[in-house]
Amino acid sequence: MSTATGTATDYGDLLNKLRTFLTTDTTLVGLGQNWTELGTNAVSYTWAGNLNTNTTDFETYLKAPGLSGSDPVYINIRLYKNVTADYYNWECRGALGYNASFGFAAQPGTSPGEWVPMWNQPIQYWFVANGQRAIVITKISSSYEILYAGKFLPYGTPGQYPYPVAIGGMLNTSDLRFSDNSANHAAFFNPINLQACYVDSSWQTFNNSGSTRNIWPHGAANGSPAWLQPGLDGTYPLLPCRLEMGTASATAQAAAPAAILGEFDGVAIPSGVSNSSESTITVGASTYTVFQNAFRTAADAYCAIQTA
């Protein structure tokens, strides 16, 4: 695992810094976990978003080697903007492979899009990556925007679950700004929209707002982890952040427990009581940095991402 922090000049420079980090970071290279950029496209084009016509100026097609070096993960990102509506965002998709002759939305086994709001001004960032997944955290004004892209830790063998990949953004539509303060803007650990590749290679949408596919300990059948408290010694216990497929009814879930697919790699849920974004939690030799869910600061609005 490797981390990097800094400030990008805007949403495009941020992607350039991520590309450089993933492909050339000395720690990732030393571990044999550096990513490969399979292709780029800098030819500008327009496409129909959910509400507006968006303009894409750059695309990157990335391949993570996997932790074994022989279990690749395909992650694609494009920059898009609408100057009139004043949004400058990223779209991320997972795929099952790469074909240079196919467009962004037509890659082999591509997932639906996951959108992350950015802006065209300086951006404070944190990158956390290994050979199978990357996490990008940004601070846009007072909102924290997070992208999870790559493998999660499956509760099964590679033969049982060959491609456990999740793509988690922040929005359920392409056409929102970072300043949106509605339920349409939420992080992957309590998502309004997250894509996970299932055992049959189909992409399943997870939505913690009334869906049968939830991210625990949040979710329709689970409620909220607002009950989680710091320990009596002031430490912060961390709960795993799990992908569950089950029923929306708590009664039905008790009778037919959810299918638990696995948990996010390096992501946990702490108590938000007396907690705040960018604080740190030490667990043994590991350090976790706390980040909030977009604009939210309630007790159940935080995740902890391993950064060291």
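For the reader, a short list of remarks on this structure follows.
- Residue 28 vs. criteria more than 18 Å from the chain's Cα centre (by Cα) and either under 24 Å from residue 308 (Cα atoms) or not aliphatic (A, V, I, L, M) (or both): yes
- Test for residue 18: is it in a helix (DSSP H, G or I) and touching a residue at least 40 places away in the same chain (Cβ under 8 Å): yes
- For residue 117: the one exception among (1) surrounded by fewer than 22 Cβ atoms within 10 Å (Cβ to Cβ); (2) within 14 Å of the chain's Cα centre (by Cα); (3) within 18 Å of residue 12 (Cα to Cα): (1)
- Any pair with Cβ under 9 angstrom, 6 or more apart, that starts in segment 281-308 at a residue that is at pLDDT 95 or above and ends at one that is part of a loop (DSSP other than H, G, I, E, B) and among the basic types (Lys, Arg): 302/296
- Where a residue in segment 105-119 is acidic (Asp, Glu) and its partner, wherever it lies, is part of a loop (DSSP other than H, G, I, E, B), with Cβ under 7 Å and at least six apart: 114/169; 114/193
- When 156, 168 are checked against the criterion of being in contact (Cβ under 8 Å) with a residue 40 or more places away in the chain and within 14 Å of residue 267 (Cβ to Cβ), a single residue qualifies: 168.
- Residue in segment 24-41 that is within 22 Å of residue 193 (Cβ to Cβ) and crowded, with 16+ Cβ neighbours inside 10 Å present: no
- Failed item, numbered, when residue 51 is tested on (1) within 24 Å of residue 165 (Cβ to Cβ); (2) touching a residue at least 24 places away in the same chain (Cβ under 8 Å); (3) assigned to a loop (DSSP other than H, G, I, E, B): (1)
- Filter result (out of contact with any strand residue (DSSP E or B) (no Cβ under 6 Å at 6 or more places or on another chain) and either crowded, with 20+ Cβ neighbours inside 10 Å or aliphatic (A, V, I, L, M) (or both)) within segment 93-112: 96, 105, 106
- Members of segment 98-125 found to be in a strand (DSSP E or B), out of contact with any Asp or Glu (no Cβ under 9 Å at 6 or more places or on another chain) and among the aromatic types (Phe, Trp, Tyr), listed by number: 125
- Among the residues of segment 54-83, just one is in a loop (DSSP other than H, G, I, E, B) and closer than 17 Å to residue 118 by Cβ, namely 83.
- In segment 200-219, the residues that are in contact (Cβ under 8 Å) with a residue 12 or more places away in the chain and of a type in the set (D, E, K, R) reach residues that are crowded, with 18+ Cβ neighbours inside 10 Å and outside any strand (DSSP E or B) with C-beta atoms within less than 7 angstrom, at least six apart or across chains, in these pairs: 213/207.
- Residue within segment 43-50 that is surrounded by 18 or more Cβ atoms within 10 Å (Cβ to Cβ) and not hydrophobic (A, V, I, L, M, F, W, C) present: yes
- Filtering segment 122-178 to residues that are surrounded by fewer than 21 Cβ atoms within 10 Å (Cβ to Cβ) and among the acidic types (Asp, Glu) leaves only 175.
The values are calculated or read from the model by the stated rules, or taken from the named source; none is laboratory data. This structure is a prediction, so every number in the text was calculated from the model and none was measured. FYI the Cβ positions are ideal-geometry reconstructions off the backbone, even for glycines, and counts take in every protein chain you see.
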